[in-house]
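Novice: Below is the structure I would like to discuss, written out as structure tokens.
The values are calculated or read from the model by the stated rules, or taken from the named source; none is laboratory data. The model shown is predicted, which means the values in this text are computed figures rather than measured ones. Here the Cβ is made from the backbone with ideal geometry for all residues, glycine too, and neighbour counts use every protein chain on show. What goes into the accessible areas is simple: the full protein's heavy atoms, side chains included, and nothing from ligands, DNA or RNA. Shrake-Rupley method; radii C 1.70, N 1.55, O 1.52, S 1.80 Å.
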Amino acid sequence: MVHIGSQTNERLPHLHGTPASRGIAFGKIAFLKRNAKPEIKHKVDDVKAEIDRFEQARAKAITQLGNLYEASLEKLGEQNAVVFQIHQLMLDDPDYVSQIHEVITSEQMNAEYAVDTVAKRFSMMFESMDNDYMKGRAADVLDVSRRVVDILISASGEPKNSTLKNYGTSVILATDDLAPSETVQLDKFSVTGIVTSHGSTRSHTVIFARTMGIPAIISVGDALDESLEGKNAILDGGSGMLIIEPDEETIASYKERKKTEDALRARLEQFRGKETRTLSGRKIKLYANIGNADDIDIVKSSDAEGIGLFRSEYIYLSSDDFPTEETQFKIYKQVLESMENKQVIIRTLDIGADKTAPYFTLKPEDNPAMGMRAVRICITRPEIFKVQLRALYRASVFGKLAIMFPMITSVEEVKTCLSICEEVKAELKAQEIDFDPNIEIGIMIETPASALISDELAPYVDFFSIGTNDLTQFTLAVDRQNADLGRFLNPYHHAVIRLIEMTVKNAHNAGIWVGVCGELAADEGFTHELISMGIDEMSVAPSSVLMLRARISTLG
Ligand code: PEP
Ligand code: MG
């Protein structure tokens, strides 16, 4: 058993895992009982008949998943229930199906064994991928395969993978890992929390748990063993802590916290699926900020109406060399497709200052925040910029893309960026490669210079997005990286506010929209100022979306 922390709970035995779904749960720990599987491995004489058995089970599983999709729509919403349609597609994957046929034919093995073998192969392949999203798919392939195996071994044809219903009330369900289809069957009135020894925060299980409001902790490791069965526990999905046999004082303090958190969550949930409007009915675009494509599921479960800032430099930072056009294209395409025609604003690379990648071979500088960075690199080294722009334009046909340039200080820079875009478009046209010629192009207003000449910049672009983090740093000459200067880094300084006001006015005079994607956008205490200034869009961390929608609904 692991003991951590220095707070009230330190004296109590507790386990620690990865926080996966916020909230506090009380209950008795109950380990998930999956029905024991009969021995599933045996030789077959008639491989053709065995392939037919598999095909029938596969068809039945596809039908069941269709039913599960329908049944989950209300519980999880369309954007989450769609995973069962994706599961249907997995069962139709030609590679998956042909490998199963192959095992049956070449090894003369039964269908259950073949499905199990190929499922493990696929799941290991997903696990080993260098991409958290794909890692999260390992659980999905095991889940769909388990369904097919259950159908194969079940005389009645009903799946019998686990007995999820008879746990009584108030249990914290413990298991090695939980499949998405098992999660969706949970009765949230009896299962108060989920704790798993393995799992990925990217799995649909975690996304479903969040959507269903079930607190969860994952990756607790081997410390989660069956000796805990039946013990009372408190699960804190926000901190990742599972407190075993809590005393009265701890229970009372967590009950108090739960009451407050539940009330807040219930209030915020009312805003899910709604438009973001002020009291007077003015529509505000409420978007989310992301660092990489892996954040998409979180954005989707946050109910954001688009992506207001995709910090594309993270693709460069997580790479050992310049990411190729193809690598970038695939990432942008995936993000655009997943966002299903909601706007996705991708900021071109903002490398430099605190975000450096060695292969850029930037010279050491005394003041890198004011040095060779962002759009300055793009203009000086257009060959790097063009790779990104080609990838972006190629991806533009897969959704609603907008491109945004960072760290702008002059009209000249904007004109240069636009002319490089034109070159890229001309090249793609000549190569007969499709792209959307009408995507919106915007710039970040994050230097005092750009705010001061925002009237001159506006005619060249479709929108402004105010980066209050850098705007504050550069207006006040306070290094945002220096923790000792925290109290001087004041985003509410009148100089910063005036620059924001000026930017909004100039944008509207020119007939373009203006948003805020810096941290100030998520500051509830400042929302009314931004709304009264006339801000059209706010882009914030996914976790702040519902809170901000609720706040905006009380203003203006
Ligand atoms: C900003 O400067 O406010 C901004 C959103 O960009 P970043 O924080 O990535 O510099
Ligand atoms: Mg910035």
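Novice: Strictly greater than 25 Å: what percent of every Cα pair in region 296-421 meets that?
Specialist: Cα-Cα pairs of region 296-421 separated by over 25 Å account for 25 percent.
Novice: With every protein chain kept in place and ligands, DNA and RNA left out, what is the accessible area per residue of region 404-556? Probe 1.4 Å, answer in Å².
Specialist: 42 Å²
Novice: Magnitude of the Cβ-charge dipole of region 281-552, K/R +1 and D/E -1, about the Cα centre, nearest 20 debye?
Specialist: About 360 debye.
Novice: How many angstrom separate the Cα center of region 310-389 from the Cα center of region 46-106?
Specialist: Using only Cα atoms to place each centre, the spacing works out to 39 Å.
Novice: Tabulate in residue order the Karplus-calculated ³J(HN,Hα) for region 479-495, using 6.51 cos²θ - 1.76 cosθ + 1.60 with θ = phi - 60°, rounded to whole Hz; enter x for Gly and Pro.
Specialist: Result, rounded to whole Hz: 5, 5, 7, 8, 4, 5, 9, x, 6, 8, 7, 9, x, 8, 3, 4, 5.
Novice: Another one. Using DSSP to call loops (not H, G, I, E or B), can you name the chymotrypsin sites (Phe, Trp or Tyr not before Pro) in region 163-264 whose Cβ has at most 10 other Cβ atoms within 10 angstrom?
Specialist: Here the sparse-neighbourhood loop sites are F189.
Novice: Continuing with this model, one more query. May I ask you to list the chymotrypsin sites (Phe, Trp or Tyr not before Pro) in region 453-556 that are in a DSSP loop and have at most 16 other Cβ atoms within 10 Å of their Cβ?
Specialist: Sites meeting the loop and neighbour criteria: Y492.
Novice: What stretch of the chain, leaving out the sites themselves, is the longest with no GluC sites (Glu not before Pro) in a DSSP loop having at most 16 other Cβ atoms within 10 Å? Present the calculation step by step, with values, prior to reporting the outcome.
Specialist: On the way: sites that count: E39, E229, E275, E340, E365, E432.
That would be 40-228.
Novice: Sum -39500 (n - 2.57) across every DSSP H segment of at least 4 residues in the chain, then divide by the residue count to get the 222 nm mean residue ellipticity, nearest 500. Write out the running numbers ahead of the final one.
Specialist: Details: 20 runs with 249 residues, N = 556.
Calculated mean residue ellipticity at 222 nm is -14000 deg cm²/dmol.
Novice: What residue among I384, I500, I433 has its Cα farthest toward the positive end of the dipole of the chain, where the charges are +1 on Lys, Arg and -1 on Asp, Glu, each on the Cβ?
Specialist: Farthest towards the positive end: I500.
Novice: Can you find, among S301, I51, I453, the residue farthest towards the positive end of the dipole of the chain? Put +1 on the C-beta of Lys and Arg, -1 on that of Asp and Glu.
Specialist: Positive-end residue among those listed: S301.
Novice: Give me the percent relative contact order of the chain, please, defined on Cα pairs under 8 angstrom at least 6 residues apart. Show your work: numbers first, answer last.
Specialist: Numbers: 1025 pairs, mean separation 75.6, N = 556.
So the answer I get is 14 percent.
Novice: Same structure again: From the square roots a ≥ b ≥ c of the eigenvalues of the alpha-carbon gyration tensor of region 281-552, which class results: rounded (a/c under 1.5), prolate (a/b over b/c), or oblate?
Specialist: Cα axes put region 281-552 in the rounded bin.
Novice: Another question about this same structure. Students often get this wrong, so check it: of K120/K231; K363/K386; K258/K283; K33/K120; K330/K400, which have C-alpha atoms separated by over 24 Å?
Specialist: K120/K231; K258/K283
Novice: Same structure, new question: Which of H101, M134, N490 sits farthest toward the positive end of the charge dipole of the chain, with +1 on the Cβ of Lys and Arg and -1 on the Cβ of Asp and Glu?
Specialist: Among H101, M134, N490, the one farthest towards the positive end of the dipole of the chain is N490.
Novice: While we're here: Write down, largest first, the equivalent ellipsoid semi-axes of the chain in whole Å, where each equals the square root of 5 times an eigenvalue of the alpha-carbon gyration tensor.
Specialist: 46, 31, 21
Novice: Ignoring any ligand, DNA or RNA, what whole percent of the accessible area of region 281-552 comes from carbon and sulfur when the probe is 1.4 angstrom?
Specialist: About 51 percent, which is the carbon plus sulfur part of the accessible surface.
Novice: A further question on this structure: For the chain, give the magnitude of the charge dipole about the Cα centre (Cβ charges: +1 Lys/Arg, -1 Asp/Glu; no others), in debye to the nearest 20.
Specialist: I would put it at about 1160 debye.
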